Amino acid sequence: MDSVTVIIGIFSVALLVAPIIFFQRKRKAKKRRLLQDFTAKANEQELAIGPHEFWAPYYAIGLDPVKKKLLYTRHVEGVEQQVLVDLLEVSSARVINLSKDSNDGRIIDRIDLAFAYRNTKRPEKMVEFYNKEESLNLNDELRLAEKWMKLVNENIATSAAPASTFEMAK
């Protein structure tokens, strides 16, 4: 093998590998920045986030298991949404899967995690896990929403239920 062939081979491999390395580093930097922003928001709320998730390039959710608070952020097109849910006030969580049937099967339009409050006069609070209008690529959001529903419901079950008015009068 002559040196020209070796040099061309090395150059060709470098041309193929360089973009992959570049995009992996860029993705890691973006994820690191998202984690730093999310941690800063949690610190502002004086939360010690334990379990947390990041998905798509703009969603984050985390739970402070001691204070029983859930922090959710969504950053799309320069607009940031931050939701803080006190799980001591929540009676249950459920996944809302808005979908429709088509010739190609079932099309999911939106996936939300909804929180029902103990005070039934308070409306449900919903946080978005997937929206077809913003992302055509549905990955693992339904499984992720179901995982967080289970995690939230477990934390609700382990939290001390508020004493009833009758018990407080004794």
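The values are calculated or read from the model by the stated rules, or taken from the named source; none is laboratory data. Everything numeric in this text was worked out from a predicted model, so none of it was measured. Neighbour counts run over all protein chains shown; Cβ positions are idealised from the backbone, glycine included.
Collect the residues in segment 55-73 that are of a type in the set (A, V, I, L, M, F, W, C), more than 15 Å from L87 (Cα to Cα) and at pLDDT 90 or above, keeping them in residue-number order. Reasoning before the result, please.
Initial filter on segment 55-73 (of a type in the set (A, V, I, L, M, F, W, C)): 55-56, 60-61, 63, 66, 70-71.
Filter once more, keeping what is more than 15 Å from L87 (Cα to Cα): 55-56, 60.
Once the filter is applied, which keeps residues that are of a type in the set (A, V, I, L, M, F, W, C), more than 15 Å from L87 (Cα to Cα) and at pLDDT 90 or above, segment 55-73 yields only A60.
Matching residues to (1) polar (S, T, N, Q); (2) in contact with a Lys or Arg (Cβ under 7 Å, 6 or more places away or on another chain); (3) part of a strand (DSSP E or B); (4) touching a residue at least 24 places away in the same chain (Cβ under 8 Å):
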residue	(1), (2), (3), (4)
A60	no, no, yes, yes
L63	no, no, yes, yes
I96	no, no, yes, yes
R110	no, yes, yes, no
L113	no, no, yes, yes
M126	no, no, yes, yes
L136	no, no, no, no
A145	no, no, no, yes
W148	no, no, no, yes
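Would a scan of segment 27-43 turn up a residue that is within 25 Å of D112 (Cβ to Cβ), among the small types (G, A, S) and not in a helix (DSSP H, G or I)? Before the answer, list the steps.
From segment 27-43, those within 25 Å of D112 (Cβ to Cβ) are 30-31, 34-35, 37-39, 41-42; that's our starting set.
Filter once more, so that each one left must be among the small types (G, A, S): 42.
Within this subset, residues satisfying the condition of being not in a helix (DSSP H, G or I) are none.
Among the residues of segment 27-43, not one is within 25 Å of D112 (Cβ to Cβ), among the small types (G, A, S) and not in a helix (DSSP H, G or I), which makes the answer no.
Right, G9: over 23 Å from L144 (Cα atoms) and surrounded by fewer than 10 Cβ atoms within 10 Å (Cβ to Cβ) or not?
Details: over 23 Å from L144 (Cα atoms): yes; surrounded by fewer than 10 Cβ atoms within 10 Å (Cβ to Cβ): no.
The answer is no for G9.
Against the condition more than 15 Å from the chain's Cα centre (by Cα) and part of a strand (DSSP E or B), how does R106 come out, does it pass? Walk me through how you get there before you give the answer.
Working: more than 15 Å from the chain's Cα centre (by Cα): yes; part of a strand (DSSP E or B): yes.
So R106 passes the test.
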